[in-house]
Amino acid sequence: IKVFDIQASKGWEKHGKKMLGKEFVITQKMDGVRCLVIKRDGEITCYSRSGHVYEDMIEIACDYALPMFPDGVYDGEALAVDDGTGSTLGLFQKTKSIISRNGVKTGLRHCLFDYISLDMFDNEDKSPQYTKRRDFIEELHRRYSEMTSHMSIQLLPVLYKGKDLEQV
């Protein structure tokens, strides 16, 4: 089994000075469960942050099985479908409950925030900068949203994209 690290966000206080003059992206903070979806030869496998396989996430797997999604590694968070209560703690607990149950897991969505190709993943190649990868997943998601009304894959909202450090 391949061992891999996942991208983690960096705190502004420690890493902000490194961003001077560089383009960066600020995204919404999600309170879900980290979930990497790997599509290889059309087969879908969902993984936890620690590499544990999430079995039977059928709604998410079926959507990533669509031919419009190329083989690759889709990084995001699994989140329970919002029941309208407005409680992030309640939503996180609901997500954990669905993920930990045996059998088919429905009522989840995958909040996508990154993608790398299998070549880059398998060979540990340096991937293009995040803004280019983000453009790619935005285009994928645009086409996906045009073809289905049932969307178990959602795009992590971008709050800001640019070089203006005053936006932080």
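Would you check if there is a residue in region 107-127 being of a type outside the set (G, A, S), surrounded by fewer than 16 Cβ atoms within 10 Å (Cβ to Cβ), touching a strand residue (DSSP E or B) at 6+ places or on another chain (Cβ under 6 Å) and within 18 Å of V73 (Cα to Cα)? Please lay out each step first, then the result.
First, the residues of region 107-127 that are of a type outside the set (G, A, S): 108-116, 118-126.
Pick out the ones that are also surrounded by fewer than 16 Cβ atoms within 10 Å (Cβ to Cβ) and you get 118-119, 122-126.
Then keep just the ones that are touching a strand residue (DSSP E or B) at 6+ places or on another chain (Cβ under 6 Å); that gives 118.
Filter again for within 18 Å of V73 (Cα to Cα), leaving 118.
Scanning region 107-127 turns up at least one residue that is of a type outside the set (G, A, S), surrounded by fewer than 16 Cβ atoms within 10 Å (Cβ to Cβ), touching a strand residue (DSSP E or B) at 6+ places or on another chain (Cβ under 6 Å) and within 18 Å of V73 (Cα to Cα).
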Go through region 40-81 and count every residue that is open to solvent by 40 Å² or more (accessible area, probe 1.4 Å) and under 12 Å from the mean Cα position of the chain (by Cα).
2
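Only one residue in K132, K96 is among the basic types (K, R) and either farther than 30 Å from G162 by Cβ or touching a Ser or Thr at 6+ places or on another chain (Cβ under 7 Å) (or both). Which one? Talk me through it step by step, then tell me what you get.
Numbers: K132 fails: either farther than 30 Å from G162 by Cβ or touching a Ser or Thr at 6+ places or on another chain (Cβ under 7 Å) (or both).
The conditions single out K96.
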When you look at K96, is it of a type in the set (K, R) and either in contact with a helix residue (DSSP H, G or I) (Cβ under 6 Å, 6 or more places away or on another chain) or surrounded by fewer than 14 Cβ atoms within 10 Å (Cβ to Cβ) (or both), yes or no?
no
Number of the condition not met by G103 [criteria: (1) open to solvent by 40 Å² or more (accessible area, probe 1.4 Å); (2) on the phi > 0 side of the Ramachandran plot]
(1)
Where residues in region 154-168 are touching a residue at least 24 places away in the same chain (Cβ under 8 Å) and part of a loop (DSSP other than H, G, I, E, B), which of them is surrounded by the most Cβ atoms within 10 Å (Cβ to Cβ)?
L156
Considering (1) at pLDDT below 95; (2) assigned to a loop (DSSP other than H, G, I, E, B), say which one V25 fails and leave the rest.
(2)
Of all residues being modelled with pLDDT under 90 and assigned to a helix (DSSP H, G or I) in region 120-144, which is nearest to L36 (Cα to Cα)? Just the residue, please.
F121
With the first residue restricted to region 53-79 and required to be under 17 Å from L140 (Cβ atoms), and the second required to be of a type in the set (K, R) and assigned to a loop (DSSP other than H, G, I, E, B), Cβ contacts under 6 Å at 6 or more apart or on different chains are none
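Go through region 28-96 and tell me which strands (runs of 3 or more DSSP E), entirely inside it, have 1 or more residues that are of a type in the set (S, T, Y) and at pLDDT 95 or above. Talk me through it step by step, then tell me what you get.
Details: elements: 33-40, 43-47, 72-80.
Passing ranges, in order: 43-47, 72-80.
If we scan region 142-153, do we find a residue that is exposed (fewer than 14 other Cβ atoms within 10 Å of the Cβ) and β-branched (V, I, T)? Steps first, please.
Pass one, region 142-153, residues exposed (fewer than 14 other Cβ atoms within 10 Å of the Cβ): 142-143, 145-150.
This time we only want the ones that are β-branched (V, I, T), so: 148.
So far as region 142-153 goes, yes, one or more of its residues are exposed (fewer than 14 other Cβ atoms within 10 Å of the Cβ) and β-branched (V, I, T).
The values are calculated or read from the model by the stated rules, or taken from the named source; none is laboratory data. Model, not experiment: these values are computed from the prediction. Using ideal geometry, Cβ is built from the backbone for each residue, glycine included, and neighbour counts are taken over all protein chains shown. The area values use the complete protein model at the heavy-atom level, side chains included, leaving out ligands, DNA and RNA. Shrake-Rupley method; radii C 1.70, N 1.55, O 1.52, S 1.80 Å.
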